[in-house]
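Input: a single structure, listed below in C-alpha cells.
The values are calculated or read from the model by the stated rules, or taken from the named source; none is laboratory data. Since the model is a prediction, treat every value here as computed from it, not as a measurement. Backbone-built Cβ (ideal geometry, glycine too); neighbour counts: all protein chains shown. All accessible areas refer to the heavy atoms of the entire protein, side chains included, with ligands and DNA or RNA removed. Shrake-Rupley method; radii C 1.70, N 1.55, O 1.52, S 1.80 Å.
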Amino acid sequence: MRRNPGILLVASLFALAVALAARTAAAQPDYKKAAEHYQDAEKAIESGQFALAAREYGIAYEITKDPVLFYKIASANDKAGDCAAALIYYGRYLKEGNPDE
C-alpha cells in the first residue's frame, strides 16, 4: 500500500496547528483569578493586613506578569515594615514598570 505524501503533509500540518493552538490557550493568563487576588489584596490593605496584601499582589503579578504590580507589592511591604522587600520591589517597579515622571 502506497502512502500519499500530500495526505501526510496535510495531517502533519493539522497536528502542528492543533498543538500550537493548545499551547497558545494554555499560555493565556487567568485574568479573572488575578483580579480575585488583587481584590483580596485591596481588602487586606483596608484591614491593615499588609503582609497578606503583599502576598496577594505577588500572586496577581505571577499570573499577569504586569510590572505595575511591583509598586503595590512594594507599598504593602513598606506598610508591613519589611523595608528590604519594599526596596527590592520599588526598584523592580522603577526598572520594569517604566513609570512616568
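What the table shows:
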{"read-out": "Qualifying positions in the stretch 69-94 - touching a Pro at 6+ places or on another chain (Cβ under 8 Å) and open to solvent by 70 Å² or more (accessible area, probe 1.4 Å)", "value": "71, 92"}
{"read-out": "Residues of the stretch 52-77 classified as over 15 Å from residue 39 (Cα atoms) and among the basic types (Lys, Arg), total", "value": "1"}
{"read-out": "Meets criteria (surrounded by 10 or more Cβ atoms within 10 Å (Cβ to Cβ), at pLDDT 95 or above and not hydrophobic (A, V, I, L, M, F, W, C)) for residue 56", "value": "yes"}
{"read-out": "Test: residue in the stretch 59-68 that is among the hydrophobic types (A, V, I, L, M, F, W, C), open to solvent by less than 70 Å² (accessible area, probe 1.4 Å) and in contact with a Pro (Cβ under 8 Å, 6 or more places away or on another chain)", "value": "yes"}
{"read-out": "Those residues of the stretch 47-101 which are among the acidic types (Asp, Glu) and under 27 Å from residue 27 (Cα atoms), in sequence order", "value": "56, 62, 66, 96"}
